[in-house]
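Working notes, beginning with the structure itself.
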Amino acid sequence: MRKEDTVKLISAEGYEFIIDKKAAMVSQTIRNMLTSPGSFAETQHGEVTFPEISTVILEKICQYFLLVSPIRQYVLSRIWINPKAF
Amino acid sequence: MNNNQKKRNFQIEAFKHKVVVDPKYADKTWKILEHAIHEIYNHNASGLSFEELYRNAYNMVLHKFGEKLYSGLVSTMTFHLKEISKVIEAAQGGLFLEELNRKWADHNKALQMIRDILMYMDRTFIPSTHKTPVHELGLNLWRDNIIRSSKIQTRLLNTLLELILRERTGEVINRGLMRNIIKMLMDLGPSVYQEDFEKPFLEVSANFYRVESQQFIECCDCGDYLKKAERRLNEEIERVSHYLDAKSEAKITNVVEQEMIANHMLRLVHMENSGLVNMLLDDKYEDSGRMYSLFRRVSNGLSTIRDVMTSHIRETGKQLVTDPEKLKDPVEFVQCLLDEKDKYDKIISLAFSNDKTFQNALNSSFEFFINLNPRSPEFISLFVDDKLRKGLKGVSEEDIEIVLDKVMMLFRYLQEKDVFEKYYKQHLAKRLLSGKTVSDDAERSLIVKLKTECGYQFTSKLEGMFTDMKTSQDTMQGFYATHGSELGDGPTLVVQVLTTGSWPTQPSVTCNLPSEMSVLCEKFRSYYLGTHTGRRLSWQTNMGTADLKATFGKGQKHELNVSTYQMCVLVLFNNADRLSYKEIEQATEIPSSDLKRCLQSLACVKGKNVLRKEPMSKDIAEDDAFLVNEKFTSKFYKVKIGTVVAQKESEPEKQETRQRVEEDRKPQIEAAIVRIMKSRKVLDHNNIIAEVTKQLQSRFLANPSEIKKRIESLIEREFLERDNSDRRLYRYLA
């Protein structure tokens with residue numbers, strides 16, 4: 001995948017998840033962030049930091065994106081949620 | 001599988017937010033956001049983190065500080081807009097609009113960024129508290145602080161109007177800038193666009209065009225004025241398409257139409273030397289077409305044109321039909337009518353886009369003035385006669401049809417169709433008997449057209465005439481087949497047997513045929529009566545023709561085509577060199593007026609004078625003497641003398657025909673009355689008149705007093721009776 005097609009989602013612990021932009025756009029909030037007309041830091045570097053979202057959660061979120069996004073071919077077949085992770 | 005066990009082990013609890021303890025939490029969070037908004041307006045947003053701002057706004061709303069966030073937003077934006085307003089006000093001259101445009105673009109961008117950050121509030125807090133959403137709020141604040149600010153409002157409007165004025169006077173202005181500014185007004189809401197711009201724009205435009213139209217109409221002629229008006233109209237439409245709201249098009253075009261066209265409509269149409277009448281006379285298709293398309297846009301525009309055209313056509317038509325010069329030659333007269341019709345058909349199709357109402361106006365005008373002249377039916381018949389005799393010689397079939405269709409069109413305009421029928425019968429008879437018709441097919445084609453138009457009854461007698469001609473041919477063949485051998489060298493006889501009812505009645509006249517002829521005629525009579533018993537034949541000597549071979553003094557031989565009367569006279573000279581008028585009269589027993597005419601054509605017409613008269617005067621006197629003109633010469637071998645041509649009737653003839661027509665109408669009126677009364681049984685006076693007129697409309701215009709007379713006559717003959725109680729009511733008697 002090319003760099004322009006990806007975004008980096010960074011969790012509170014600093015873990016970086018690089019996923020396809022189309023997948024990330026599933027979230028309206030992230031979409032607004034990335035397409036906002038202003039020159040916010042996010043749009044410039046193509047990175048979004050979530051200081052209040054833990055890594056585990058962020059990972060699940062990424063998996064969710066991949067599951068429902070139009071690019072299903074990259075998707076895992078299931079999402080396994082371990083309640084003890086919370 | 002143990003499902004229950006699985007269920008108990010796995011539960012999902014609601015997500016619990018961390019409870020905020022810090023009382024100044026809201027203020028701190030707001031400060032961050034306020035700072036961010038400032039930075040955005042100062043074009044410094046590159047350092048900000050979207051995520052952080054979004055999260056902060058989210059948290060404020062979540063912890064029930066939405067109100068603080070919202071009011072903070074309002075005050076911050078208002079503050080910035082006031083700053084911007086000052087900057088715009090400070091801009092000089094032409095830079096004013098540019099500055100406004102630039103700041104507007106900036107504001108929009110900032111607004112979008114702010115909205116994105118505050119998306120959560122937009123989605124949750126605002127709908128539940130029914131506040132204005134962020135984007136709309138931004139527009140409203142812009143509107144209130146900038147557009148409607150006292151220093152900017154009027155200046156903006158004036159600048160815009162001035163630019164439009166300049167463009168109207170031919171200058172080129174920055175249309176892109178105009179478009180952006182107008183779009184800004186439109187984005188702020190339809191009321192802003194309409195109140196702050198459109199209304200004053202329309203007013204100013206109205207004034208502008210009022211003044212301009214006044215100037216133009218003083219100095220331009222109609223065609224030029226219309227060109228200018230059209231140009232202005234197109235200009236405005238183009239202006240709207242380039243930088244105004246599409247909905248304004250109808251309004252501004254309305255203004256132009258009103259000021260430039262509607263207010264000056266009558267003056268334009270009636271303008272001297274260049275108004276509508278002149279356009280019609282000079283076939284100015286482009287100008288009148290322009291007038292049509294422009295006037296169509298205003299109410300009553302087309303009806304104004306139509307009325308002027310109608311009265312003009314009626315006027316010229318009336319002049320045409322009452323002009324004594326034109327009436328001298330009927331064929332010329334009818335040709336003029338056809339030319340007029342063609343002219344206006346062309347105008348209506350080229351300039352007035354075949355508008356049906358105009359066609360109808362044209363038709364009614366023609367109907368009006370054609371019937372002003374009572375001789376129109378006669379003249380139209382004469383026109384047809386001329387065409388069928390010689391006018392259509394050598395013309396192709398389609399062209400013949402075209403001419404006949406045109407004649408039919410004129411026929412339709414006639415009110416007195418029965419008069420036409422009478423004349424047509426007379427002329428047709430003459431044509432058939434003298435064999436002078438150009439094309440049989442053309443004759444029949446016209447009969448068919450008349451039948452389609454008026455029904456079988458109209459043409460039954462005419463068709464009878466054709467049948468008679470055909471039958472006569474067959475009879476002649478039969479006659480010569482049986483008697484051919486014994487007739488041998490004698491004169492050849494061609495007889496046309498005419499059924500009395502079909503042909504126009506002629507009084508039978510006396511005429512002594514030369515002996516050779518009378519013998520032949522008798523033979524034919526006995527032959528005919530042999531095959532058709534119970535019929536009576538009488539010779540119509542005033543309608544026949546004869547071909548004579550003559551040898552003159554120097555041996556020149558000629559074949560003379562003459563009328564029967566003329567033949568009788570000429571044959572006399574086989575046995576005498578010189579005859580006086582009285583002798584001729586006695587010998588032939590032809591009535592004197594006919595005889596005089598016949599002798600005139602034999603002796604007094606240059607180039608056809610086979611007889612010499614003494615004295616050489618033009619008129620025939622009782623004691624004139626006639627001799628054969630031995631010196632007669634002609635370029636042609638065959639000489640035609642005195643053909644019986646259909647002519648315009650003289651006064652007494654006209655009166656006679658008219659009388660006969662009136663006589664014929666009486667039974668038709670009576671038949672109509674009886675028909676109506678039979679079905680209605682009882683009817684009052686006015687209704688009878690109306691019904692009768694309607695029924696007879698296709699043949700002639702019935703006179704109410706004549707109808708009344710017929711009713712009286714029917715009452716006398718006990719077909720109808722008057723009601724005992726109501727004098728106006730009539731009852732049918734079976």
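Nothing in this text is a laboratory measurement; each read-out follows from the coordinates by a stated rule. These numbers were taken from a predicted model, which means no experiment stands behind them. Cβ coordinates were reconstructed from backbone atoms using ideal geometry, including for glycine residues, and neighbour counts include every protein chain displayed.
Arrange B:536, B:660, B:710 by Cβ neighbour counts within 10 Å, fewest through most, would you? Don't skip to the end; give the middle numbers.
Values: B:536 6, B:660 14, B:710 22.
In increasing order of surrounding Cβ atoms, one gets B:536, B:660, B:710.
Find, among the GluC sites (Glu not before Pro) in the range B:655-734, those assigned to loop by DSSP (not H, G, I, E, B) with at most 14 other beta-carbon atoms within 10 angstrom.
Taking the range B:655-734 and a limit of 14 other Cβ atoms within 10 Å, the loop GluC sites (Glu not before Pro) found are B:718.
Relative to the longest principal axis of the C-alpha atoms of chain B, give the angle of the C-alpha long axis of helix B:440-454, reported between 0 and 90° and rounded to the nearest 10°.
Taking Cα atoms only, the helix is inclined about 60 degrees.
Just to check I understand the Karplus step: with θ = phi - 60° and J = 6.51 cos²θ - 1.76 cosθ + 1.60, what whole-Hz values come out for the range B:107-115, glycine and proline as x?
4, 4, 5, 4, 4, 5, 4, 5, 5
Viscosity 0.890 mPa s, temperature 25 °C: Stokes-Einstein D of the range B:530-576 from its Kirkwood Cα radius, in µm² per second?
It diffuses with D of about 189 µm²/s by this estimate.
Within a 10 angstrom radius of each residue's Cβ in A:52-58, how many Cβ atoms of other chains show up on average? Whole number is fine.
Mean shielding by partner chains, rounded to a whole number: 1.
Bin width 5 Å, alpha-carbon pairs only: give the P(r) of the range B:23-146 as whole percents, running from 0 to the bin holding the largest distance.
Taking every Cα pair in the range B:23-146, the percentages come to 2, 11, 21, 23, 19, 12, 7, 4, 2, 1, 0.
Which ordering of B:279, B:517 is given by a fewest-first count of other beta-carbon atoms within 10 Å?
If I rank by nearby Cβ atoms, fewest first, I get B:517, B:279.
Go through the range B:554-568 residue by residue and turn each phi into a ³J(HN,Hα) via Karplus (6.51, -1.76, 1.60, θ = phi - 60°); whole Hz please, and just put x for glycine and proline.
8, x, 6, 9, 9, 9, 9, 9, 9, 7, 4, 4, 5, 4, 4
Seen from all sides and averaged, what is the projected area of the convex hull of the Cα atoms in the protein assembly as shown, in nm²?
74.8 nm²
Give the long-range amide H neighbours of residue B:283: residues separated by 5 or more places, or on another chain, with amide H under 5 Å away, using H modelled in the peptide plane at 1.01 Å from N.
Answer set, sorted by chain and number: none.
Of B:142, B:539, how do they rank once you tally other Cβ atoms within 10 Å and put the fewest first?
If I rank by nearby Cβ atoms, fewest first, I get B:539, B:142.
Between residue A:6 and residues 5 or more places away or on another chain, which pairs have amide H atoms under 5 Å apart, with H built 1.01 Å from N, and which residues are they?
A:21
Pairs of Cα atoms under 8 Å, at least six residues apart: use those to get the relative contact order of the range B:638-734, whole percent.
Values: 70 pairs, mean separation 26.7, N = 97.
With pairs under 8 Å counted, the relative contact order is 28 percent.
Sequence-distant or interchain residues sharing an amide H contact under 5 Å with residue B:612, placed H: which?
Answer set, sorted by chain and number: B:627, B:628, B:629.
Quick one: putting +1 on the C-beta of Lys and Arg, -1 on the C-beta of Asp and Glu, what dipole do you get for the range A:3-79 around its Cα centre, in Debye to the nearest 20?
Roughly 360 debye, rounded to the nearest 20.
From the residues B:93, B:403, B:133, which one has its Cα farthest along the dipole of the protein assembly as shown in the positive direction, the dipole being from +1 and -1 charges on Cβ of Lys/Arg and Asp/Glu about the Cα centre?
Value computed over the given set: B:133.
State, as an integer percentage, the relative contact order of chain B based on alpha-carbon contacts under 8 Å between residues 6 or more apart.
About 7 percent, as a whole number.
How high is the relative contact order of the range A:3-79, given as a whole-number percent (alpha carbon pairs under 8 Å, six or more residues apart)?
Numbers: 98 pairs, mean separation 27.5, N = 77.
Reported relative contact order: 36 percent.
Counting helices only, and only those DSSP H runs with n ≥ 4, report the 222 nm mean residue ellipticity of chain B as the sum of -39,500 (n - 2.57) divided by its residues, in deg cm²/dmol to the nearest 500.
Dividing the helical sum by the residues of chain B leaves -20500 deg cm²/dmol.
Once you have a ≥ b ≥ c as the square roots of the Cα gyration tensor eigenvalues for the range B:94-143, tell me rounded if a/c is under 1.5, and otherwise prolate or oblate according to whether a/b is larger than b/c.
Note, shape of the range B:94-143 comes out oblate.
Apply the Debye scattering formula to the range B:653-732, with a single equal point scatterer on each alpha-carbon and no solvent, then give log10 I(q)/I(0) at q = 0.18, 0.25 Å⁻¹.
-0.70, -1.22
Semi-axes of chain B's equivalent ellipsoid from the Cα gyration tensor, sqrt of 5 times each eigenvalue, largest first, rounded to whole Å?
Semi-axes (√(5λ), whole Å): 100, 33, 26.
Compute the distance in nm between two label points, each set 7 Å from the Cα along the Cα-to-Cβ direction, one at residue B:456 and one at residue B:140.
Result: 8.5 nm between the two label points.
Per residue of the range B:582-596, in order, report the coupling 6.51 cos²θ - 1.76 cosθ + 1.60 (Karplus, θ = phi - 60°) as ³J(HN,Hα) in whole Hz, putting x for Gly and Pro.
Couplings: 4, 5, 4, 4, 5, 5, 8, 6, 7, x, 5, 5, 5, 5, 4 Hz.
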